[in-house]
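Have a look at the structure below before the remarks.
Each reported figure results from applying straightforward, stated rules to the coordinates on display, with no laboratory input. Remember, it's a predicted structure, so these values are computed and weren't measured experimentally. Note that each Cβ is placed from the backbone with ideal geometry, even for glycine, and that neighbours are counted across all protein chains shown.
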Amino acid sequence: MNLLSLNKRRFLSHMSSGLTGVALARLLGMDMQAAPTIGPAKSRPNPKLHFPPKAKQVLQIFCPGAASHMDLWDHKPMLEKFDGTPMPGGETEVTFQGKNGNLMRSPWPFVPAGKTGKQITSMLPHMAAHVDDIAFIHSMTSRTNTHGPGCIAMNSCFTREGYPSAGAWVNYALGSLNENLPTYVAIQDLRGEPPNGKANWSNGFLPAQYQAVAMSAQQPLRNLERPQGVSAAEDAAAREYLQFLNGSYAEGHAGNDELKARMEAYTLAAHMQMAAPEVSDLSGEPAHIHKLYGTDDPNKLKATYARNCLLTRRFLEKGVRYVSLYCASRASNVDGLLNWDAHKTLKTDYERHCPIFDQPTAALLSDLKQRGMLDDVLVLWCTEFGRMPTHQAGTTGRDHNPDAFTTWMMGAGVKGGVSHGATDDFGRRSVHDVTTVYDFYATVLHLLGLDHEKLTYYHNGVNRRLTDVHGHPIQAILA
């Protein structure tokens, strides 16, 4: 171009189109930045681990609604002794839904289980068989007493939406173990999504491909069927033409490895159309496995959750990196009907929820163990916060308690048969080896071979990380 002919109008015109190209290149670069970690395993570089991993996959079992620690896992003899009396120092305490009454013992006895004699509720007889393999964390705390932010925090370490879930971080860091299925799957309960819904398995500010694919035994992967009005021949022709266009473009950009990886990601999506229906088909499982899980139980909610547990094992068996399995859903107008949020009638509510959870979950753990899969799979059990040791005024239920609750881990790299941390005599507050969600996920990443302080993603001028600026691995539960 003749510089003498470059008047002001033409200069501004060329500048705007040039800047548009720069912006487009930047967006494409961001979109493809992590593409090598999502293509087929055979065609991408190995993920950069910070040290040798103990675990390769993660199973997260989540019970939304704030499952009560002192009614399930955290035995409190003093709560039984002083049942019906005011809580010392808490006579006038007001919590999430108002004033609290007197101390209330668990409606069911605790019983010793396993060789360690760990005391857990008699309402979970099947889970009792696994206590010697579980590392209980009895001193968890939360930064919120509200279900939506609490669930998000237990999944992402942040109480606000917009941050990547732990599963998305693991997906981003480690990529896929299989060529035909998603790296990260969220399996929803029949009763619906958990509080704050899809934010629990969101990619946040990470590229969109790192969010979970949501599916379940009752809701197979969507958009697999050919649209009505499109014949098989037309569909095949469209795919062939798309492959031709992609191939032609790749030939003209031979040095663009990121582009190739991106194309392989779309190929993975096509593979999923064939693999997902196969792995979702439970009919080929032997009768004794269905009986073990309880998939034909007359209780529809239990049977459906059992099928989700069986589907979870099949996903892990096929190499899905991270599976989030939900038992219960959002809060409802009738407290405790859809989830573990037992404000009014704890006994009735938990006599509904415990049988749904107990047998299928224990069967999943037994199945993983007998197949040798716990050598590679790290199992997490989570809820968003705990409950009060008192009854809520005017009810026989318990209010929210962010100051004390229980989570646990099991499987690859975890020391079984231990209890870490402790609450006070009544379960009101965590007082010994107090832990946070940052510590929890620092431990998870450590077991996967990742330093939680080094796994970062640059966003809005900051190197963000799953654990924010907090957290330390819980060494006492590591094998």
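For a straight C-alpha distance cut-off of 26 angstrom, the lysines reachable from K198 (same-chain residues fewer than eight places away being disregarded) are K56, K300, K302, K318. Full extension of the segment from T85 to K99, taken as 0.36 nm per residue of separation minus the current Cα-Cα distance, would add 3.5 nm. Farthest towards the positive end of the charge dipole of segment 95-186, among the residues H130, P109, S156, is the Cα of P109, using unit charges on the Cβ of Lys, Arg, Asp and Glu. Pairwise Cα separations in segment 407-479 fall into 10 Å bins from 0 onward with the following percentages, short to long: 18, 42, 28, 11, 1. Using equal-weight Cα scatterers in the Debye expression, the normalised intensity of segment 156-240 in log10 at q = 0.12 Å⁻¹ is -0.49.
Measuring between alpha carbons in the structure, the pairs from K118/K415; K115/K369; K291/K415; K76/K118 lying more than 23 angstrom apart are K291/K415. Estimated translational diffusion coefficient (Stokes-Einstein, Kirkwood radius over Cα pairs, 20 °C, 1.002 mPa s) of segment 332-451: 130 µm² per second.
Here V230, V431, V58, V418 are placed in order of increasing Cβ neighbour count within 10 Å, fewest first, which gives V230, V431, V418, V58.
Count the net charge of all other residues whose Cβ sits under 15 Å from the Cβ of D296, scoring Lys and Arg as +1 and Asp and Glu as -1.
+2
Going by neighbour counts of Cβ atoms within 10 Å, the residues D399, D281, D425 line up, fewest first, as D281, D425, D399.
What is the packing order of peptides 108-115, 81-88, taking the mean over residues of other C-beta atoms within 10 Å and listing the highest first?
Result, highest mean Cβ count within 10 Å first: 108-115, 81-88.
What does the net charge come to around Y163 if you take all other residues with beta carbon closer than 11 Å to its beta carbon, with K and R at +1 and D and E at -1? Residues near Y163 contribute +1 overall. Local charge for C63 was computed over the other residues whose Cβ lies under 11 Å away, with Lys and Arg +1 and Asp and Glu -1, and equals -3.
Residue exposure proxy: D349, D358, ordered by other Cβ atoms within 10 angstrom of their Cβ from fewest to most, comes out as D358, D349.
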